[in-house]
Amino acid sequence: MKDLIEKLKKIGAKRIFIQIADGLKQEILKIVNILEKNGFETIVCMENNYGACDVREYEARLFKCDTILHIGHSDFGVKTKIKTIYYEFFINKDINFKELEKINYKKIGLISSVNFIPILKRVKEYLKSIGKKVFLAKTLRYEGQITGCNISAASMIEKKVDCFLLITSGKFYALALFQKIKKPIFVFDIDKNRLVNLSKDFEKYEKIIAWNKVVLKNATNIGILVSWKKGQMFGNPFKLKKLLEKVGKKCYILAFDEISEEKLEGLKLDLLINCACPRIFPDDYEKFKLPIINYYHVFEN
Ligand code: SF4
């Protein structure tokens, strides 16, 4: 954390509003202790934090903080008036490289989320050492880096590769990929230390998307979901509303901080179209009683 302390001192931080990725919360007390030993005042935001899209500037101001420290995500360009520092928490541990030999393709596109970039670099060398051709694209801060809503590092090389290898934990990033990538996707789960097969999940969600597009055709009342989190506006809800109302639907733009089923209870709607974090569908699909699709599904055949 030495570099972080230096950065904070350099910008003259005094009172820091800390936001930390949900998966790293167990580290927060340690981090606070180090920051306070170095003379900073801290306040920890205990609301969920899923990405660098969610920068709590308003809340930081309420507590008269001069700096926001965002831990676990990398900057993707959300503009703030308060100084915001992104601290990318890297995970680098031993993995079972032998598992990767199960990938029976020659040209492999390599991708991961920011936390696993050090592992991605070692995987790249390993794959090369066993005769594979490895492709990476740099569209965010690091080569091969994707986020849950930006998989351009994969799309950019799709034509050149036979398959993709995603270094990750859980299903979050894999579910982002399968919707846009047509090549085979191998998923190496760091926690399980092996390749995992998610093809059943992909098939399941493909069917749900297809079905919900049919629901859209027949829907009368539609809820368009938006969030006021600073970096979570995808598509244009107002244009979408106009477009759908031209073909006889009635649309309601519904704004949230965090979108949940409970907040939608009592509204007589046929379908939800999500313009907020595109991972609400499919990741949270089962939490909603109403059928839901992302805004870009409306424009697909
Ligand atoms: S919009 Fe969603 S997927 Fe994108 S960074 Fe935010 S939480 Fe992650």
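The values are calculated or read from the model by the stated rules, or taken from the named source; none is laboratory data. Just so it is clear, the structure is predicted and the values come from calculations on it, not from any experiment. Cβ placement follows ideal geometry from the backbone for every residue including glycine, while neighbour counts extend to all protein chains displayed.
Determine whether the range 122-132 contains at least one residue that is among the aliphatic types (A, V, I, L, M) and more than 28 Å from A52 (Cα to Cα). Reasoning before the result, please.
Keep residues of the range 122-132 that are among the aliphatic types (A, V, I, L, M), which gives 123, 127, 130.
Still in the list and also more than 28 Å from A52 (Cα to Cα): 127, 130.
The answer is yes, given that some residue of the range 122-132 is among the aliphatic types (A, V, I, L, M) and more than 28 Å from A52 (Cα to Cα).
Could you check how many residues of the range 241-258 are modelled with pLDDT of 95 or more and assigned to a loop (DSSP other than H, G, I, E, B)? The total comes to 3.
Polar (S, T, N, Q) and modelled with pLDDT of 95 or more, is that true of N38? Break it down stepwise before answering.
On the way: polar (S, T, N, Q): yes; modelled with pLDDT of 95 or more: yes.
In short, yes.
Within the range 52-71, how many residues turn out to be within 16 Å of the ligand (Cβ to nearest atom) and either surrounded by 22 or more Cβ atoms within 10 Å (Cβ to Cβ) or without any contact (Cβ under 8 Å) to a residue 40 or more places away in the chain (or both)? So that I can check it myself, show each step before the final result.
Step one: of the range 52-71, the residues within 16 Å of the ligand (Cβ to nearest atom) are 52-57, 68, 70-71.
Checking the rest, the ones that are also either surrounded by 22 or more Cβ atoms within 10 Å (Cβ to Cβ) or without any contact (Cβ under 8 Å) to a residue 40 or more places away in the chain (or both) come to 52-56, 68, 70.
Of the residues in the range 52-71, 7 are within 16 Å of the ligand (Cβ to nearest atom) and either surrounded by 22 or more Cβ atoms within 10 Å (Cβ to Cβ) or without any contact (Cβ under 8 Å) to a residue 40 or more places away in the chain (or both).
Checked against (1) under 18 Å from N150 (Cα atoms); (2) at pLDDT below 90, N301 meets all criteria but (1).
State which residue is farthest from the ligand (Cβ to nearest atom) when the search covers only the range 223-267 and only residues that are of a type in the set (K, R) and touching a strand residue (DSSP E or B) at 6+ places or on another chain (Cβ under 8 Å). It would help to see each step written out before you state the result.
Residues of the range 223-267 of a type in the set (K, R): 229-230, 239, 241-242, 246, 249-250, 263.
Still in the list and also touching a strand residue (DSSP E or B) at 6+ places or on another chain (Cβ under 8 Å): 241, 249-250, 263.
Details: K241: 21, K249: 26, K250: 27, K263: 18 Å.
Per the stated criteria, the residue is K250.
Just wondering, is there one or more residues in the range 138-156 that are more than 20 Å from the chain's Cα centre (by Cα), over 17 Å from D189 (Cα atoms) and surrounded by fewer than 17 Cβ atoms within 10 Å (Cβ to Cβ)? Scanning the range 138-156 turns up no residue that is more than 20 Å from the chain's Cα centre (by Cα), over 17 Å from D189 (Cα atoms) and surrounded by fewer than 17 Cβ atoms within 10 Å (Cβ to Cβ).
Given the structure, is I28 away from the ligand (no atom under 16 Å from the Cβ) and either under 30 Å from Y126 (Cα atoms) or out of contact with any Gly (no Cβ under 8 Å at 6 or more places or on another chain) (or both)? Step through it out loud before you land on a result.
Details: away from the ligand (no atom under 16 Å from the Cβ): yes; either under 30 Å from Y126 (Cα atoms) or out of contact with any Gly (no Cβ under 8 Å at 6 or more places or on another chain) (or both): yes.
When the stated conditions are applied, I28 passes them.
The residue that is farthest from L120 (Cα to Cα), counting only those in the range 179-189 that are at pLDDT 90 or above and not aliphatic (A, V, I, L, M), is K182.
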